[in-house]
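Chemist: What follows is a structure written as C-alpha cells; I'll ask about it next.
The values are calculated or read from the model by the stated rules, or taken from the named source; none is laboratory data. Because the structure is predicted, anything quoted here is derived from the model rather than measured. All Cβ positions, glycine included, derive from the backbone under ideal geometry; neighbour counts span all protein chains shown. Heavy atoms of the whole protein, side chains included, go into the accessibility calculation; ligands, DNA and RNA do not. Shrake-Rupley method; radii C 1.70, N 1.55, O 1.52, S 1.80 Å.
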Amino acid sequence: MQINDKVADFALQDEGEHTIHLKDFADKPVVLFFYPRADTPGCTIEACGFRDQFEKIQSTGAVVLGISRDTPLAQKKFREKYNLPYTLLADVDEAVCNQFGVLKEKNMYGKKVIAIERTTFLIGPDQHLLKIFPRAKPEGHAEKVLAALKEFEQK
C-alpha cells in the first residue's frame, strides 16, 4: 500500500462483536494502528499512549481504531482493563492484516513466526492513505501520530 492509494473498505468485529466498516468513518481521518497482541507489554504501552492522547487526537476530528489478531473477547478484556476509549477490532482471519501487509516473519526465541509488525496508517477523510508509520516503537508513538494529524489538519 502506497501513500495516496484509496484504501479499500473492510469489515471486522469490534470488542462488542458489532461489525465495523472502514466506510463508517468516511469524512473523518482514521488512525488505524496494528499491534501484535492484546495485553502484552509493548502493545499495552502503545494502546495506553493512544488512550492518553485520545482527546487531543479527537480534537483533530480523527477516529482511532486498533487492530490485532485477537478475538473480540480478548479485545474487550484489553479495552476494559486499560480504559481504552477507542474501538478495538478483531482480525482473527487476518484478512485486514493481509490487506495492509503488516504480517511479517519474525524471529522469536529462535523460532520463525508470522506476526503483526507494529504499524500505523493515517487514512484521510476521503479514504486515501496519508501516512504510514512502519515498525512503530510503542513509547511516544501516539504523540508522533498526533503531530502528523495536526500537520495534515493545517493543509
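Chemist: Could you please find all residues in the range 86-102 being surrounded by 12 or more Cβ atoms within 10 Å (Cβ to Cβ) and outside any helix (DSSP H, G or I)?
Modeler: TYR86, THR87, LEU88, LEU89, ALA90, ASP91, VAL92, GLU94, GLY101, VAL102
Chemist: Test each condition in (1) in contact (Cβ under 8 Å) with a residue 60 or more places away in the chain; (2) out of contact with any Pro (no Cβ under 8 Å at 6 or more places or on another chain); (3) crowded, with 20+ Cβ neighbours inside 10 Å for ILE116 and report the one that comes out false.
Modeler: Of everything listed in (1) in contact (Cβ under 8 Å) with a residue 60 or more places away in the chain; (2) out of contact with any Pro (no Cβ under 8 Å at 6 or more places or on another chain); (3) crowded, with 20+ Cβ neighbours inside 10 Å, ILE116 misses just condition (2).
Chemist: Considering only the range 1-34, state which residues are open to solvent by 80 Å² or more (accessible area, probe 1.4 Å), outside any loop (DSSP other than H, G, I, E, B) and free of Cβ contacts under 8 Å to residues at least 24 places away in the same chain.
Modeler: Listed by number, the residues that qualify are THR19, ASP24.
Chemist: Follow-up. Looking only at the range 93-111, count how many residues are closer than 14 Å to PHE10 by Cα and without any contact (Cβ under 8 Å) to a residue 60 or more places away in the chain.
Modeler: Adding up the residues that qualify gives 3.
Chemist: Further, regarding this structure: How many residues does the range 103-155 hold that are closer than 14 Å to GLU46 by Cβ, β-branched (Val, Ile, Thr) and not in a helix (DSSP H, G or I)?
Modeler: Residues in the range 103-155 being closer than 14 Å to GLU46 by Cβ, β-branched (Val, Ile, Thr) and not in a helix (DSSP H, G or I): 3 in total.
Chemist: Let me ask you something else. Could you check how many residues of the range 50-74 are of a type outside the set (Phe, Trp, Tyr) and either open to solvent by 20 Å² or more (accessible area, probe 1.4 Å) or farther than 21 Å from GLU139 by Cα (or both)?
Modeler: Residues that pass the stated criteria total 16.
Chemist: Let me ask something else. Scan the range 142-155 residue by residue and report those that are farther than 16 Å from VAL30 by Cβ and in contact (Cβ under 8 Å) with a residue 40 or more places away in the chain.
Modeler: Result: GLU143, single match.
Chemist: In the range 35-49, which residues are assigned to a loop (DSSP other than H, G, I, E, B) and open to solvent by 20 Å² or more (accessible area, probe 1.4 Å)?
Modeler: PRO36, ARG37, ASP39, THR40
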